[in-house]
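One structure is given below, encoded as structure tokens.
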Amino acid sequence: MVDFSTIIWLFPIIFMLHEFEEIIFFKPWIRKNSAYLSKRLPKPAKRFLLRMESLSVSAFTVAVGEEFILLSIITTTSVLFDSYLLWFGVFMGFSVHILIHLAQWLILRKYIPAIYTTVISLIYCIFSLKYILKEKLFDCDEIILWTFAGFGIVVLNLILAHKLAEWFDRRLRFPEKRTGNIS
């Protein structure tokens, strides 16, 4: 039988499985599908492609690493202090993130680099949420408040992670500009 502890510790594992698919397949997928995206969704694709085509796989991995470290800290401190509201909020933010990937897939009507693990993650999220609701681990007000708070935390951290990735790319690609040494 699965208990809440198992659900909690599975979260970072499910998160990384999902992110591995994105890390491995994102860059080749962007190269292959940029024309399709520009044609299918011209306005959103223009801004998205400008940012993502220039981002290296290493920089993207740095962003994922930052997210994983934060998620691991939240998970561990939740268990150590027996306080799960922040964990729940981030879990709900991730769940919304998974639903967004599902919507992207439905809109584009083709493979996106995240959809296979989105299905796995969605099963985990649904199972976990059903368990949380069945066991009445949080009251209705906490669920609503921490779902919104968690989504906000995930969005803000995603912005931070992408800024970190861009910073990493600038440092990696143009180290001579940083030091002033041009060889």
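Readers should treat all values here as calculations from the given coordinates under stated rules, not as data from a laboratory. None of these values were measured; they are calculated from a predicted model. For neighbour counting, all protein chains shown are included, and Cβ atoms are generated from backbone atoms with ideal geometry for every residue, glycine included.
Things to note:
- For Ala103 and Lys134, the difference between the fully extended length at 0.36 nm per residue and the C-alpha to C-alpha distance is 8.5 nm.
- Full extension of the chain segment joining Val2 with Ala35 gains 7.4 nm, where the gain is 0.36 nm per residue of separation less the Cα-Cα distance.
- Each principal axis of the chain carries a Cα extent, and these read 61, 41, 28 Å when sorted largest first.
- Counting neighbouring beta carbons within 10 Å and listing from fewest to most, the residues Ile13, Ile153 come out as Ile13, Ile153.
- Residue pairs, from the table Lys110/Lys134; Lys43/Lys163; Lys39/Lys163; Lys27/Lys130, whose Cα atoms sit over 25 Å apart: Lys110/Lys134; Lys39/Lys163; Lys27/Lys130
- Cα-centred dipole magnitude for the chain, charges only on beta-carbon of K, R (+1) and D, E (-1), debye, nearest 20: 1340
- Charge dipole of the chain about the Cα centre (unit charges at C-beta), most positive-ward option of Ser121, Val57, Thr77: Val57
- Listed from fewest to most Cβ neighbours within 10 Å, the set Phe25, Phe94 follows the order Phe25, Phe94.
- With at most 16 neighbouring Cβ atoms within 10 Å, loop trypsin sites (Lys or Arg not before Pro) (DSSP) excluded, longest segment of the chain: 1-108
- Think of the chain as having a plus end and a minus end, set by charges on the Cβ of Lys, Arg, Asp and Glu; of Ala149, Ala165, Thr6, Ala165 sits farthest toward the positive end of this dipole.
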